[in-house]
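Only one structure is covered here, and it is reproduced in the block below.
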Amino acid sequence: MIVDDHPMVRRGLKILLENFEDFETVADTGDGRMVLTLCDLFQPDVILTDLLMPSMNGIELTRLILAKYPLIKIIVLTSSVDETLIRDVLKAGATSYMLKSVSVDEIAKTIRAAYQNIPTLAPEAVNALISSIYPSEELGADLTKREREVLAFIVDGLHNPEIARRLFISTSTVKNHMNNIYSKLNTGSRTKVAALAVQYNLFIRSDPNTERQIR
């Protein structure tokens, strides 16, 4: 089912999705108040819905649908990357959050994933959520020069022994730096540390040959 207050959007999505043999658009509407009635009639597996609509917003709509039909998967397809809206609709139970700028193939992948209860978040939505937790003007402000150098090698995918060799320090010292980095970035994930380092430009590259002291 497709829910969007713009008829052209609904029509366009319906036409595009008809090209996929495993999809059937059982209904579409621009009125959020009609959705429960349509669910009663057609019992859709997945609902594509806009977030900002005049009759009923996607957050309230998601709550109402899942209260009566908890097995329906809801995909928000919108133009908004507002962190509060993203967080609220996911808390309401939406499976996925995508932007209208994505290709129809990406929408198809998201529908198939949602049907299998696998969530999909647009990269812009992920960035908005991360930014709300780690404001860019504050994140990493207390990182030392050495910790930023270690981060550069984390971004490159190096493991602790190789980082130690490159910086001419001991592996235990690298571990200590990593523990400090985890603490300052409020995460225990090496992958997330690398992602944050790239997103907020937290790393620096220096010539390790200038420092050969074991620390």
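The distance between label points at ARG190 and ILE118 comes to 2.5 nm (points 7 Å beyond Cα on the Cα→Cβ vector).
Roughly speaking, what is the stretch gain from GLU106 to THR37, that is 0.36 nm per residue apart minus the C-alpha to C-alpha distance, in nm to one decimal?
Numbers: separation 69, 0.36 × 69 = 24.84 nm, distance 2.87 nm.
Difference between extended and current length: 22.0 nm.
How much mean residue ellipticity at 222 nm does the chain get from its helices, if each DSSP H run of length 4 or more adds -39500 (n - 2.57) and you divide by all residues, to the nearest 500 deg cm²/dmol? Could you put the intermediate results ahead of the total?
Details: 10 runs with 107 residues, N = 215.
Taking each H run of at least 4 residues, the total per residue is -15000 deg cm²/dmol.
Cα-Cα over 27 Å: which of LYS109/LYS184; LYS68/LYS192; LYS145/LYS175; LYS145/LYS192; LYS73/LYS100; LYS14/LYS109? Table pairs above 27 Å Cα-Cα are LYS109/LYS184; LYS68/LYS192.
Sorted by average packing, counted as other Cβ atoms within 10 angstrom per residue and highest first, what order do 193-204, 97-108 take?
Values: 193-204: 18.3, 97-108: 15.8.
Those peptides, ordered most packed to least, come out 193-204, 97-108.
Express in nm, to one decimal, how much length is gained between ILE204 and ASP156 on full extension, taking 0.36 nm for each residue of separation and deducting their alpha carbon distance. Spell out each step's value before the answer.
On the way: separation 48, 0.36 × 48 = 17.28 nm, distance 1.19 nm.
This chain segment gains 16.1 nm when fully extended.
Quote the FRET efficiency, to the nearest 0.05, computed for LEU71 versus GLU24 with a Förster distance R0 of 22 Å and r equal to the Cβ-Cβ distance. Don't jump to the answer; show the numbers that get you there.
Details: r = 17 Å, r/R0 = 0.79.
Once rounded, the FRET efficiency stands at 0.80.
Peptides 76-82, 56-62 ranked from most to least packed give 56-62, 76-82, packing being the mean of other C-beta atoms within 10 angstrom over each peptide's residues. Points 7 angstrom from Cα along the Cβ direction at ASP45 and TYR182: gap in nanometres? A separation of 4.1 nm, rounded to one decimal place.
Explain nothing, just the number: relative contact order of the stretch 2-133, from Cα pairs under 8 Å at least 6 residues apart, as a whole percent.
Working: 195 pairs, mean separation 26.8, N = 132.
Across the stretch 2-133, relative contact order equals 20 percent.
Each of LEU41, ALA125, ILE59 was scored by the projection of its Cα onto the charge dipole of the stretch 2-133, and the greatest displacement toward the positive side belongs to ILE59; charges sit on the C-beta of Lys, Arg, Asp and Glu.
Note on PHE168/ARG87: beta-carbon distance plugged into 1/(1 + (r/R0)^6) with R0 of 35 Å gives a FRET efficiency of 0.20.
Readers should treat all values here as calculations from the given coordinates under stated rules, not as data from a laboratory. Only a predicted model underlies this, so the values are computations on that prediction, with no experimental measurement involved. All Cβ positions, even for glycine, are placed from backbone atoms using ideal geometry, and neighbour counts span all protein chains on display.
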